[in-house]
Amino acid sequence: MPSADNALMRRFHVPRAEPGVLVLDRRQAHHARDVLRLTIGDAVEVFDDDGRRAQGRILRCSPREVVVEIGEALAAAPSPLEVIVAAAVPKGARADWMVEKLGELGVSEYVPLIAARSVVHVEGPSKLDRWQRIAQESARQSRRPGVMRIASPAPLVTALDSARGAGWYFCTEGPSLRPMADAVASVVTAPRPPQLWLWIGPEGGWTPQERDRFERAGLTPVSLGGTILRVETAAVAAAAVVAAVLVPAMQKGQQT
């Protein structure tokens, strides 16, 4: 199998990265053949949703199909923390952008949150399927292990029930709130939760009843700064804080 530098290899998402011969799906084949201009013998890397990856080479490349021979597959190193973002759905293309950036930042799962003041409601599987494709492309581009999962839309009470036992923060506005970076940094020395949930409300904000529900569930309110952020900005900013502050510290702890 190829021994080229992984960072230089073109990546393709496959249902399962395992040794053998596989045919790229139509979208991946188009990208390999018509966009990247790859041809027979070129080295590639394939990856799947679970973080497995493998090197391979193109065996056949025709207008009808692109066939890849795959060598030994490698499992991804265990993640020190599973990060889940439960956020209201932004309007239009802003939601696609948010999904793409959350995927790049290594978020494990996005939960489209149905809050009291939500404006956008996801109906039918088409939008969820689109977001999953965006998450796959984001993983390909960013070279992250695995692919961010897209959950089914969930009302706040349902999502809170799913998050029991996790660490969690809900982003809000108000005086004297703890900055999120400080709150996240404290997790490094505290008992580590199996998951970290980040809760982002709609642009109309959380209702008093939702804030009360968060407090009764033991969530920590945190601030992302002194300005009012759009949903997608807040979600990406929160995920970036975790990616920059918490995940590297936990990875360092795993190595010592």
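The values are calculated or read from the model by the stated rules, or taken from the named source; none is laboratory data. Here the structure is a predicted model, which means the values were calculated and not measured. Cβ: placed from backbone, ideal geometry, glycine included. Neighbour counts: every protein chain shown.
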Exercise for the section: Could you identify the single residue in ALA115, ALA76 that is within 15 Å of ALA154 (Cα to Cα) and not β-branched (Val, Ile, Thr)? Expected result: ALA115
Exercise for the section: Would you mind stating whether GLU109 is modelled with pLDDT of 95 or more and of a type in the set (Asp, Glu)? Expected result: yes
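Going through segment 79-105 one residue at a time, which ones are touching a Gly at 6+ places or on another chain (Cβ under 9 Å) and of a type in the set (Gly, Ala, Ser)? Outline the logic, then answer.
Going residue by residue through segment 79-105, those that are touching a Gly at 6+ places or on another chain (Cβ under 9 Å) are 79-81, 83, 87-88.
SER79, ALA87, ALA88, listed by residue number.
So which of ARG130, ARG140 ends up being more than 23 Å from ALA166 (Cα to Cα) and in contact with a His (Cβ under 8 Å, 6 or more places away or on another chain)? Before you say what the answer is, go through the steps one by one.
Values: ARG130 fails: in contact with a His (Cβ under 8 Å, 6 or more places away or on another chain).
Sole residue among the options that is more than 23 Å from ALA166 (Cα to Cα) and in contact with a His (Cβ under 8 Å, 6 or more places away or on another chain): ARG140.
Considering only strands (runs of 3 or more DSSP E) fully contained in segment 148-256, which possess at least 3 residues that are at pLDDT 85 or above and over 17 Å from the mean Cα position of the chain (by Cα)?
Details: elements: 167-171, 195-200, 220-223.
The strands (runs of 3 or more DSSP E) meeting that bar are 220-223.
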Problem - Inter-residue pairs, beta-carbon under 6 Å, first touching a residue at least 24 places away in the same chain (Cβ under 8 Å) and in segment 154-174, second small (Gly, Ala, Ser) and surrounded by 20 or more Cβ atoms within 10 Å (Cβ to Cβ), 6+ apart - result: LEU156/ALA115; ALA159/ALA86; CYS171/ALA234; CYS171/ALA238
Practice task
Residue by residue through segment 117-140, note down the ones that are surrounded by 16 or more Cβ atoms within 10 Å (Cβ to Cβ) and either touching a Cys at 6+ places or on another chain (Cβ under 9 Å) or assigned to a loop (DSSP other than H, G, I, E, B) (or both).
Solution key: SER118, VAL120, VAL122
